[in-house]
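Here's the structure we're looking at; comments come further down.
The values are calculated or read from the model by the stated rules, or taken from the named source; none is laboratory data. Everything quoted here is computed from the prediction, not taken from an experiment. When we count neighbours, we look across all protein chains shown, and the Cβ atoms used for this are built from the backbone with ideal geometry, even at glycine. What goes into the accessible areas is simple: the full protein's heavy atoms, side chains included, and nothing from ligands, DNA or RNA. Shrake-Rupley method; radii C 1.70, N 1.55, O 1.52, S 1.80 Å.
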2 protein chains.
Amino acid sequence: MMKVIEYPEKKEWDTLCKRPQIELDSLENSVKEIISQVKTRGDSALIEFAQRFDKASISTLEVTKDEIDEAVQSVDKELKKALLVAASNIKKFHSAQQRPLLEVETMPGVYCWRKGVAIERVGIYIPGGSAPLFSTLLMLAIPATLAGCKEIVVCTPPSPNGKINAAILYTAHQLGISKIYKVGGAQAIAALSIGTKSIAKVNKIFGPGNQYVTKAKQLVNQQGTAIDMPAGPSEVAVIADELADASFVAADLLAQAEHGSDSQVMLVTLSKQLIPKVQQELSIQLEKLPRKEIARKAFENSCILLFDSENKMIDFVNEYAPEHLIINTANCDQLSDKIINAGSVFLGAYTPESAGDYASGTNHTLPTNGQAKACSGISLDSFLKFITYQKITKNGLNTLGPVVELMAQAEELMGHKESVTIRLSKATNK
Amino acid sequence: MMKVIEYPEKKEWDTLCKRPQIELDSLENSVKEIISQVKTRGDSALIEFAQRFDKASISTLEVTKDEIDEAVQSVDKELKKALLVAASNIKKFHSAQQRPLLEVETMPGVYCWRKGVAIERVGIYIPGGSAPLFSTLLMLAIPATLAGCKEIVVCTPPSPNGKINAAILYTAHQLGISKIYKVGGAQAIAALSIGTKSIAKVNKIFGPGNQYVTKAKQLVNQQGTAIDMPAGPSEVAVIADELADASFVAADLLAQAEHGSDSQVMLVTLSKQLIPKVQQELSIQLEKLPRKEIARKAFENSCILLFDSENKMIDFVNEYAPEHLIINTANCDQLSDKIINAGSVFLGAYTPESAGDYASGTNHTLPTNGQAKACSGISLDSFLKFITYQKITKNGLNTLGPVVELMAQAEELMGHKESVTIRLSKATNK
């Protein structure tokens, strides 16, 4: 089912590291048209798009207080408890990311510091479609509230009955978010970026989505709205050794494969014996999976790689730079130290990726498509910007000024030099 | 010279916050063609472009050890000393940004942590043109070395004599950087992103540049190479009160205006009396400036704004979100606390922006064009990515697992649930 590649040569790695890409030619034009409609017609375009794309007849975009109350009533008690545990863990992990104000006196009288300041207005997009991703709302809204963002706006597509999934509304309510709009797809990104009568324009947009959403995020980013990251299809690499329980390995591969037919899963191992055991488990477990057709398609983009040395294996994984990396080996701590490119790493036999997807505390919004080589997942920092400050005393400038004058002169920027010279002349005269 | 706008109404603010934009229609196609040439012909395209765009006949791209030695000899002793002072301050400020490993036990047996890992290969672009910006090399290469980036590649355009400015080579040498290439413009960005025979492909590209460079950075970013930020023309806002020395204020405005004809400078004040004094100083100081024609053009994009209340003034500045903000007032500390959107803030009469441009320790690579609402300037973090890790014990999963199962089921992702269930069944059996 998953193809096996034994001892791939280094020249094949580039091809093996490629992610499935299914970009339609027409995508960019469709998305540009949607953005332009939202720009010119605002809310009425959004209501029309809800009809066209979500098959939902709605007259107002904002979720009402009554709808929220109803949702809060309807969510199962056990699920509510679970959500609270997850929220508590996510809060703990993200609170610990708060950084103290950093003040340094770099030279006598030269004080420099750096302060994290909340991004004022942020937008969170929660996809609808096949799964109601309230977990993504936890992952984005918790750090946003911890950062102190003043305005947090949520957009998510309505179901054909015009409603929003109750668990999503309950989660928003629990986190103190009241601005929730029934808008999905590229039009949601356009609305958050441009602003409409109902929906406030934001400074940064977060959240995953399909190709239309991703393309819209790229386009509004070029126009100046910040975005979290260009999220592609989800992916996992599993490193497992001969001691790994093949049923755990197979379950982890399947958990990723069920995300979407464009997902990619990789098993990377030094153990030839492990491979048939995992394959057998995959066949058994796949049949039980409600989303088995999706998983089966994802396996077509996926493979099992056998290596003959640990170094090669680790080099490959770093070259692949997986969004999620599960290291299910006896020496997982040692291997983990050698990983330089990954979004999030799961260590040991009892650490499934789904723990981090939902409830352990780490964030599940992570760089895909090899972006982990240069980018981080979402953290508290994603909702802050860091402003630097400096204050120099008269004496400080007496020491530092001549350095600045010499450098400015060497760069032929005499106005830069003069802004120091004019101060030094008064500083010494006074 | 600079137009004065008294008591602008809020509906005018949007227009006042607009930056000058001079994007040529042909820009994107020209840049795409350059990238495609570098992709297909590699080094030979780069050598041709050096001839065409830089009027430089070169046969090899890499700066030789002899050229570096020669530059090290030729740089003025006093400038060398100044560079070392600046480097030392920048190192101090950026070293202090190192973060401890963050480990949190979010629940008993659930360990989560986050670790900064250097981006392996980074590219630094240093523009040539009217000013040899060795200061930018300090600002980018120092945090890159502190972060521990394994490969640091510098590209900068050659002069018509085929050489690189000596101060740039000396600075690189001092910082331990030996890979310097004579490549400028969009072709440098293409080479760093794609890789050629001479120039290694990098994971992230840093550095300012003209419109071609900026467009190339945007395009390669869409193809998956990370970039620092889309750097636009430089800008400053100065808040000054009636006690501010008009000659300091004028010098600060001129220092920014000399950067380029597309720079923008704003004076924002509550003091009507200050305005004519500053205007007079501007006339006097402008005439002495070698780059006065550039500055004069920049003033056409610029203005002096008079406000009648401190709150309105601060609201405007936050809406403008300047790259640089100088607060030259008696109450600068109080005002500073109200600033939520700015790249870097300079406080008091003796803190000219040029101190931070060169030598105080803060970074001078900062968000422009209102991006300060959501983005930070360059810091140590820009050269790291943060990987999250988690390790869960068997007992930890016994507690956390049921939470994950409930949430996965509610999101209709049964494969996610099963990856926990299968472990829990074995964890309790054993």
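Here A:I422 clears all of (1) within 7 Å of chain B (Cβ to nearest Cβ); (2) in contact (Cβ under 8 Å) with a residue 40 or more places away in the chain; (3) open to solvent by 10 Å² or more (accessible area, probe 1.4 Å) except the condition numbered (2). In the condition set (1) surrounded by fewer than 23 Cβ atoms within 10 Å (Cβ to Cβ); (2) at negative phi, A:Y320 is compliant with all but (1).
Would you list the strands (runs of 3 or more DSSP E) that sit entirely within segment B:128-241 and hold 2 or more residues that are in the same structural domain as B:S57 (by TED's automatic domain parsing) and more than 18 Å from the chain's Cα centre (by Cα)? So that I can check it myself, show each step before the final result.
Working: elements: B:151-156, B:180-182, B:204-206, B:235-240.
In segment B:128-241, B:180-182 are the strands (runs of 3 or more DSSP E) which contain 2 or more residues that are in the same structural domain as B:S57 (by TED's automatic domain parsing) and more than 18 Å from the chain's Cα centre (by Cα).
Summed over segment B:382-395, the residues that are facing another protein chain (nearest Cβ under 7 Å) and open to solvent by less than 30 Å² (accessible area, probe 1.4 Å) give a count of 7. Scanning segment A:333-352 for residues that are more than 7 Å from every other protein chain (Cβ to nearest Cβ) and in contact (Cβ under 8 Å) with a residue 40 or more places away in the chain, we see that the one that is surrounded by the most Cβ atoms within 10 Å (Cβ to Cβ) is A:A349.
So which residues in segment A:269-318 are farther than 18 Å from A:A255 by Cα, of a type in the set (S, T, Y) and in a loop (DSSP other than H, G, I, E, B)? A:S271, A:S309 - these are the residues of segment A:269-318 that are farther than 18 Å from A:A255 by Cα, of a type in the set (S, T, Y) and in a loop (DSSP other than H, G, I, E, B). Suppose the filter is touching a Ser or Thr at 6+ places or on another chain (Cβ under 6 Å), at the interface with chain B (Cβ under 7 Å from one of its Cβ atoms) and at negative phi; does A:K373 pass it? No: the conditions fail for A:K373. Selection of first residues in segment A:53-73 that are of a type in the set (F, W, Y) and of second residues that are surrounded by 15 or more Cβ atoms within 10 Å (Cβ to Cβ) and part of a helix (DSSP H, G or I), restricted to Cβ pairs under 6 Å at least 6 apart or on distinct chains, gives the following pairs, ordered by first then second residue: A:F53/A:G185. Annotation note: Cβ proximity below 7 Å between a residue of segment B:159-179 that is at positive phi and a residue that is outside any helix (DSSP H, G or I) (sequence gap 6+ or interchain) occurs for B:G162/B:A56; B:G162/B:S57; B:G162/B:I58.
Mind counting the residues in segment B:66-88 that are away from chain A (no Cβ under 14 Å) and open to solvent by less than 20 Å² (accessible area, probe 1.4 Å)?
At the first step, the residues of segment B:66-88 found to be away from chain A (no Cβ under 14 Å) are B:66-70, B:72-73.
From what's left, open to solvent by less than 20 Å² (accessible area, probe 1.4 Å): B:68.
Residues meeting the conditions: 1.
Per the conditions (1) closer than 24 Å to A:K92 by Cα; (2) out of contact with any helix residue (DSSP H, G or I) (no Cβ under 8 Å at 6 or more places or on another chain); (3) part of a helix (DSSP H, G or I), the sole criterion not satisfied by A:G377 is (3). Residue count for segment A:90-127, restricted to those that are touching a residue at least 24 places away in the same chain (Cβ under 8 Å), part of a loop (DSSP other than H, G, I, E, B) and more than 8 Å from every other protein chain (Cβ to nearest Cβ): 5.
Consider A:A188 carefully, then state whether it is surrounded by 23 or more Cβ atoms within 10 Å (Cβ to Cβ) and small (G, A, S).
On the way: surrounded by 23 or more Cβ atoms within 10 Å (Cβ to Cβ): yes; small (G, A, S): yes.
Yes.
Exactly one residue out of A:Q211, A:Q280, A:Q273 is of a type in the set (S, T, N, Q), open to solvent by 30 Å² or more (accessible area, probe 1.4 Å), modelled with pLDDT under 95 and on the phi < 0 side of the Ramachandran plot, and it is A:Q211.
Here B:T362 clears all of (1) open to solvent by less than 10 Å² (accessible area, probe 1.4 Å); (2) facing another protein chain (nearest Cβ under 9 Å); (3) in a helix (DSSP H, G or I); (4) not acidic (D, E) except the condition numbered (3).
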